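The structure appears below as structure tokens.
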Amino acid sequence: MAKKTVGEALIEGLESVDVRQIYGVVGDSLNAITDALFRRKVIEWIHVRHEEAAAFAAGAAAQITGELAVCAGSCGPGNMHLINGLYDAHRSGAPVLAIAAQIPSTEIGSNYFQETNPKALFKDCSYFCEAVTKPEQLATLMYTAIQTAITKRGVAVLVISGDVASQLFNSEENAFQMSKALCPIITPPKTELAKIAKILNESKKVTLFCGYGTKGAHAELIQLATMLKSPMVHTLRGKELVEYDNPFDVGMTGLIGFSSGYFAMEDCDTLLLLGTSFPYREFYPTKSRIIQIDHNGCQLGRRSRIELGVVGDVKSTLAALLPMLHQKSDTTFLDKARGHYMHARKDLDYLAVTSTKKSLIHPQYLTKILSEEANDDAVFTCDVGTQTAWAARYLKMNGKRRLLGSFNHGSMANALSQAMGAQVIDKQRQVIAMCGDGGFAMLMGEILTLVQYQLPVKIIILNNSTLGFVQLEMMANGFMNYGVELKNPNFATLAESVGIKGIRIEDSDQIRDGIQSAFSYKGPVIVDVVTNSYELIMPPKIKLENAKGFGLFSLKAIMSGRGDIVLDLAKSNLWE
């Protein structure tokens, strides 16, 4: 039997669980692993320009497929660059294995060149992080890492020194096979279901608040809402799962949500939390009874006081609960909530129109056009900031589209890298990255990765020459908008210089034609859209201190000779 190295055995193990790509940047401590990839030619090495992008891309691939994705970084700074993307994947429940190369094993602890402590570094963004210090450990640690990432839905890290990866491996020690890790079906005891049913049957105004944990339970949610005549509010991550084909939907709540979502929760007498750990405590009702169902018992009662919490996956729990519920006939509360939603939706749609001042492009209108022109199964990614707000409000989901973002971790520069990961696994599927100019510039080098692998990602840059959400936060709290300005190039011209089709849009009448041109092009495209710098995002719950903050900002701006900012703000938002 031919001898093989630890690196080869590792790659064989990944092949056995159907891994087909590894995202990373090569380095000497990874040589034995990348050499095994080169010689076996089964798994593709995706050479990104920055390891942070590798982790974001792997996380996106894992979220799209539900399967294990892999990224890798060389020793020291190389694998440290993975951390931000791994935090995002971990908090998003994406099964990702990170291979963290290490300095020569004989030098560990000597303050050697590029030495770090990976086990300490990755502790808070992984469920498993262990070092392979001798060949005999590889099989056990590799398969434990893989099983942990898949079963717990998060990150596992395998640390391997370059010299260990080059050592010979006894093939018999890698003989046992992985078992497919299937998510267990968890249903609460009937006694607990009976308690939930009693509360819901007694309640006159029930609101359902649905998160990403409702995945796969769309039919059960509709049955439940039909039975209880309940409005349904969703989180941002729940948007793609809940809002389509749903006559009970009343939108989102939260900082970028709808007023209708906020009031549907505030006015109910019972709130049923389904698969969500929505973090903003101020948006939970203060007088309602709250029931929570979640597959992760650690989430119960974490964000608000609850009267009853049970551990169970949403689909099977609702299936068991539905026969215990009484059919309600009074639609007064639902009708009121839906009416409020229609009014809120009308107000939002009113903003998503072309401007009479053609050079003033409103991002709401741009996002609406993106939604209308995109394919029915398109994958959207959006950067953190105002792009997330427009995506949440104006992209329409249909059960086939996907929406990815850094919704739990809240990192800048995620959209391009996540789009890259989504496109690598399916080059025929339309992938659209809604990038802020700040986020795009942060990991802009990845457009070279698109060129190298001919990934036909459509990058839409909302170019407002500012860190828009930060600017709004400053103004809302009475601070001058200092340090948020961005001196941007013409991104379309920049794109052309590296072999990507570039489209520049400076007039709202050009938007539809420009987007259609981008979407019909076979390769990667950058669409540079010059959008309004002072577009406001009004949260559904306006605090008195926010109103005071805007007033204080206006006063400071005028007194410091920057009255033009206040005037521009008024012109931008009191338009048409």
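Since every read-out is calculated from the coordinates, none of them should be taken as a lab result. Bear in mind that the values here come from a model prediction, so they are computed numbers and not experimental data. Counting neighbours? That spans all protein chains shown, and the Cβs are built from the backbone with ideal geometry, glycine included.
What's the center-to-center distance, using Cα atoms, between region 278-346 and region 44-104 in Å?
Answer, in whole Å: 35.
If you average over every viewing direction, what projected area does the convex hull of the Cα atoms of region 4-174 give, in nm²?
Across all orientations, region 4-174 yields a mean hull projection of 8.3 nm².
What is the dipole size for region 376-472, taken about its Cα centre, with +1 at each Lys and Arg Cβ and -1 at each Asp and Glu Cβ, in debye to the nearest 20?
300
How big is the charge dipole of the chain about its Cα centre, in debye rounded to the nearest 20, if each Lys and Arg gets +1 on its Cβ and each Asp and Glu gets -1 on its Cβ?
For the chain, the charge dipole is close to 1400 debye.
Would you work out the charge dipole size for region 1-126 about its Cα centre, treating the Cβ of every Lys and Arg as +1 and the Cβ of every Asp and Glu as -1, and quote it to the nearest 20 debye?
160
I need the shape label for region 78-139. Rule: rounded when a/c is under 1.5, else prolate if a/b > b/c, else oblate, with a, b, c from the alpha carbon gyration tensor.
The shape class here is oblate.
What residue among LEU334, TYR394, SER161 has its Cα farthest toward the positive end of the dipole of the chain, where the charges are +1 on Lys, Arg and -1 on Asp, Glu, each on the Cβ?
LEU334
If we count other beta carbons within 10 Å of each Cβ, what is the order of ASP124, ASP437, fewest first?
Exposure proxy ranking, most exposed first: ASP124, ASP437.
What is the Å³ per residue value for the convex hull set by the Cα atoms of region 122-246?
Taking the convex hull of the Cα positions in region 122-246, it is 171 Å³ per residue.
Name the residue farthest towards the positive end of the dipole of the chain from the options ALA61, SER16, THR34, assuming +1 on Cβ of Lys and Arg, -1 on Cβ of Asp and Glu, about the Cα centre.
ALA61
May I ask for log10 I(q)/I(0) of region 190-342 at q = 0.11, 0.13 Å⁻¹, from a Debye sum over the Cα atoms as equal point scatterers with solvent left out?
-0.34, -0.48
Show me 48-60, 446-458 ranked by packing, highest mean number of other Cβ atoms within 10 Å first. Could you put the intermediate results ahead of the total?
Values: 48-60: 29.7, 446-458: 20.2.
Final packing ranking: 48-60, 446-458.
Rank-order 278-288, 132-142 by packing density, defined as the average count of other C-beta atoms within 10 Å over each peptide's residues, highest first.
In descending order of packing, they fall as 132-142, 278-288.
Pulled fully out, how much extra length does the chain show between ARG40 and THR226, if you take 0.36 nm times their separation in residues and subtract their Cα-Cα distance?
On the way: separation 186, 0.36 × 186 = 66.96 nm, distance 5.48 nm.
Stretched out fully, the ARG40 to THR226 stretch lengthens by 61.5 nm.
By per-residue mean of other Cβ atoms within 10 Å, what is the highest-first order of 387-395, 416-424?
416-424, 387-395
Go through VAL206, SER230, PRO247 and say which Cα lies farthest out towards the positive end of the charge dipole of region 190-342; charges sit on Cβ, +1 for Lys and Arg, -1 for Asp and Glu.
VAL206
Pull out the extension gain between GLU282 and THR332, defined as 0.36 nm times the separation in residues minus the alpha carbon to alpha carbon distance; nm, one decimal.
Taking GLU282 through THR332 to full extension adds about 15.4 nm, to one decimal.
Test of understanding: ordering ASP249, ASP377 by Cβ neighbours within 10 Å, fewest first, what list do you get?
The most exposed by this proxy come first: ASP377, ASP249.
Starting from the Cα gyration tensor of region 345-439, take the square roots of the eigenvalues, sort them a ≥ b ≥ c, and report rounded, prolate or oblate (rounded when a/c is under 1.5, otherwise prolate if a/b is larger than b/c, else oblate).
Note, shape of region 345-439 comes out prolate.
Which cross-chain or sequence-distant (5 or more) residues have an amide H under 5 Å from the amide H of VAL159, H modelled 1.01 Å from N in plane?
For VAL159, the qualifying residues are ALA100, GLU130, ALA131, VAL132.
Could you calculate the contour length gain from LEU494 to ASN375, that is, 0.36 nm times the residue separation minus the distance between their Cα atoms, to one decimal place in nm?
Residue separation times 0.36 nm, minus the Cα-Cα distance, leaves 40.2 nm.
Give me Rg/Rg_expected for the chain, where Rg uses Cα atoms only and Rg_expected = 2.2 N^0.38 Å with N residues.
Its radius of gyration relative to the 2.2 N^0.38 Å reference: 1.03.
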